[in-house]
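What follows is a set of notes on a single structure, which appears directly below.
Bear in mind that the values in this text are calculations on the coordinates, not laboratory data. On a predicted model such as this, the values are computed, not experimentally measured, just so you know. Using ideal geometry, Cβ is built from the backbone for each residue, glycine included, and neighbour counts are taken over all protein chains shown.
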């Protein structure tokens, strides 16, 4: 009886594992949201403070984190749409197909977005 | 069983929070896609100070950002509320958890609005 | 051929793993293996079983991480020469593989799993007529044998001990979907608390492990939509 039970893997189907990942990415995105809102305060502190923050965070050094964050966002979004449909009673019988489709769409969107993110950060300025 | 007693009370918070969680989730899928497109995938200087300030002053962007802020703060804090209520700790402190997280949602939303209108 | 039964035991104070080599014949069930151990290797092994034919719901155990009915699972079907056998999760262990179902049954009672009628008349009983179609709308959900497999894999039940759980909510839906029933209101009230339907987040593992294919995940979603609409209507009207 502990929160570790939310992340059990052994003997579980992909359904449960998706729930675990959804909860995990949800918490990651929650923390990121708090960071995001906090560092927007720099807009009020003036152009220099803001632009120095952007210069540090939008940089090749931060690119791996950005790409992981993209994965969390895309997974939570795509898997979330699947869960919303299922919770509203749509597609229960097709839930396995929807699950595989969610992973496929996540993978495709992640690759596209990662390339775009790479070009944005590393590409010509 | 003592813990089963509270369930006969009629509550609108849980059903409303559940429906809004689903609806805000669907909204966020669209709004965050727009947000990411605008800030990272459209032009290279989308994050320059002047451009950010300009977007904050544009009525259309302001409307979208307000909706995004409302949806994301609700979805995030209500999501954490649901996670905490999934535990026995949450069940014991239900009222405090509900109040605290709804208050934090309102505070985060108000902070965002103030920031947007003062820049 | 011998298969290793690696059993997680509990003697009231401590947990420990103990291995037994069980000679296996073709078609032998897990339950027969447990009886073999009890009769020939260690008489102190405790497990619960009754009907041996998947009807009573007594013998759910966890095998290699997945809950199954010991009586309906052939050892060969697990496809492993070493079986990790544990009591099912989310229940208090009493001894070895025997778990405490008291709370589980109280939750079942809480949703009033019986027909409620306004016109009960035991002097002149009348037949309650139902079309095959009306019966089909709840039939699957009435097949539950209360084995606890769904409850044992539910992530919400794992951390919130008063969550009604998939089985009880499915029982509520089984009667709500029944055309003869007139106790809908009481059941909506029973599952509307924050220990009710709102704790489900569609991990849907309950439907994966249900040995009777009752589809508890489907019932919980249906129950939740109806409960939400009911609660909101109640406030507006």
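Points to keep in mind about this one:
- Beta bridges by DSSP in the protein assembly as shown, antiparallel share as percent, to the nearest 5: 80
- Cβ crowding within 10 Å ranks C:7, B:113 as B:113, C:7, fewest other Cβ atoms first.
- Stokes-Einstein diffusion for chain A at 20 °C, viscosity 1.002 mPa s, with a Kirkwood radius from C-alpha pairs, works out to 128 µm²/s.
- Tilt relative to chain A, helix A:95-122 - C-alpha long axis, 0 to 90 degrees, to 10: 10
- Most fluctuating residue given options B:101, B:47, B:28, as computed from a GNM of chain B linking Cα atoms under 10 Å: B:47
- With R₀ set to 41 Å, the beta-carbon distance separating residue A:90 from residue B:94 gives a calculated FRET efficiency near 0.85.
- Legend: mean number of C-beta atoms from other chains within 10 angstrom of residue C-beta atoms, peptide B:16-23, equals 5.
- Taking the average, over residues, of other Cβ atoms within 10 Å as the packing measure, peptides A:6-15, C:90-99 rank C:90-99, A:6-15 from highest down.
- Of C:208, C:32, C:123, the residue with the greatest mean-square motion in the GNM of chain C, using alpha carbon springs below 10 Å, is C:123.
- Convex hull volume of chain C per residue (C-alpha atoms, cubic angstrom): 153
- Counting neighbouring Cβ atoms within 10 Å and putting the fewest first, the residues C:66, A:47, C:136 line up as C:136, A:47, C:66.
- Cα long-axis angle, helix A:63-87 against chain A (0 to 90 degrees, to the nearest 10): 40
- When every Cα-Cα distance of segment C:1-123 is counted in 5 angstrom steps from zero, the calculated P(r) takes the values 2, 10, 19, 21, 17, 10, 6, 5, 4, 3, 2, 1, 0 percent.
- Estimated FRET transfer efficiency (residue C:36, residue C:81; beta-carbon r; R0 22 Å; 0.05): 0.85
- Highest to lowest packing among C:213-223, C:79-89, A:87-97, scored as the average C-beta count within 10 Å: C:213-223, C:79-89, A:87-97
- Peptide packing: for C:47-55, C:226-234, the average count of neighbouring Cβ atoms within 10 Å per residue gives the ranking C:226-234, C:47-55, highest mean first.
- Antiparallel DSSP beta bridges within chain C, percent to nearest 5: 80
- Counts of other chain beta carbons within 10 angstrom of each beta carbon in peptide A:81-89 average 6.
- Dmax and Rg, reported as Rg then Dmax, of segment C:102-236 (C-alpha, Å): 15.0, 48
- Take the Kirkwood radius over Cα pairs of segment C:40-90, plug it into Stokes-Einstein at 10 °C and 1.306 mPa s, and you get 134 µm²/s for translational diffusion.
- √(5λ) per eigenvalue of the Cα gyration tensor, the protein assembly as shown, largest first, Å: 47, 30, 19
- Evaluated on chain B, the Kirkwood hydrodynamic radius is 16.4 Å, with distances taken between all distinct Cα atoms.
- Comparing mean-square fluctuations of A:78, A:49, A:115 from a GNM of chain A with C-alpha springs under 10 Å, the top value falls on A:49.
- Angle between chain C longest axis and helix C:216-236 axis [Cα atoms, degrees, rounded to 10]: 30
- For the segment A:104-115, counting C-beta atoms of other chains within 10 Å of every residue's C-beta and taking the mean gives 1.
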